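Data first, discussion second: the structure below is written as structure tokens.
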Amino acid sequence: MAAVKLMSSSLFPNVSLGLPCGETNWLMSPYNLHTQIAKQASKKHKGFRLKAGFWDSIKSGFLKNSTTQVVEPPSTLEEEEEPLPEEFVLVEKTEPDGAIEQIIFSSGGEIDIYDLQSLCDKVGWPRRPLSKMAAALKNSYMVATLHSVRKLPGSEGDDQKTLIGMARATSDHAFNATIWDVLVDPSYQGQGLGKALVEKIIRALLQRDIGNITLFADSQVVEFYRNLGFEPDPEGIKGMFWYPKY
């Protein structure tokens, strides 16, 4: 039996991912985002507070009952504009043959578009044009990945690296963000890796005081996201999709 070692972090609970949020029909928003990650972010950043409801977060950028607009000077700190890249070992285990496998979380790094296409094939997503996939990654606010790195005994520098998970978020860098394309290799599902991806993205958004976080989820995984603090149709708000009337 393989020996499994969890690295020192709070981001890898043992929860099954279920299905990725790909073709979707549920709009979900953190109406009551009272998760541990939100509490940790509020403690670390004293000025942060969660909005009471969906509409409150939407309207938070406007002054109520006032005709005077307060204009704050733009930040001169470039590092505050986007999340700082991170990379660390999430899980490490030793195989019976002596090989060591590490699951590495990374954000801000380059993603091989062909590796991503292969991962999408594994989870059963329909293929999309590679040029559009590359554009979506480039224009995302944050892209998080999980790689499996296997180190064989006596093969120094000949590590086997495989993309096994990804999630990304788009944002206006101020109030709103949407999480997209949460996917984990089926052979690695059920280990809490999908939850780790989503929680890490939420943490990065909360640290930038972006509190209105939404996503679209298949009906089969609504409970998975509900357990992360998301609420379907908060305050009766419905997700609207534009369809051409042909």
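The values are calculated or read from the model by the stated rules, or taken from the named source; none is laboratory data. None of these values were measured; they are calculated from a predicted model. Remember, those area values only see protein heavy atoms, side chains included, never the ligands or the DNA or RNA. Shrake-Rupley method; radii C 1.70, N 1.55, O 1.52, S 1.80 Å.
Quick notes
- Heavy atoms of F230 accessible to a 1.4 Å probe, total area in Å² rounded to 10: 0
- Fraction of accessible area attributable to carbon and sulfur, region 143-207 (%, probe 1.4 Å): 44
- Our note on the geometry: Cα centres of region 97-112 and region 166-240, 22 Å apart.
- If you model region 121-246 as an ellipsoid using its alpha carbon gyration tensor, with each semi-axis the square root of five times an eigenvalue, the axes come out at 29, 18, 16 Å, biggest first.
- For region 173-228, the solvent-accessible area with a 1.4 angstrom probe is 32 square angstrom per residue.
- F105 - accessible surface, heavy atoms, 1.4 Å probe, Å² rounded to 10: 0
- Ranked from largest to smallest solvent-accessible area, with a 1.4 Å probe on the protein heavy atoms, K200, K195, K151, K238 come out as K238, K151, K195, K200.
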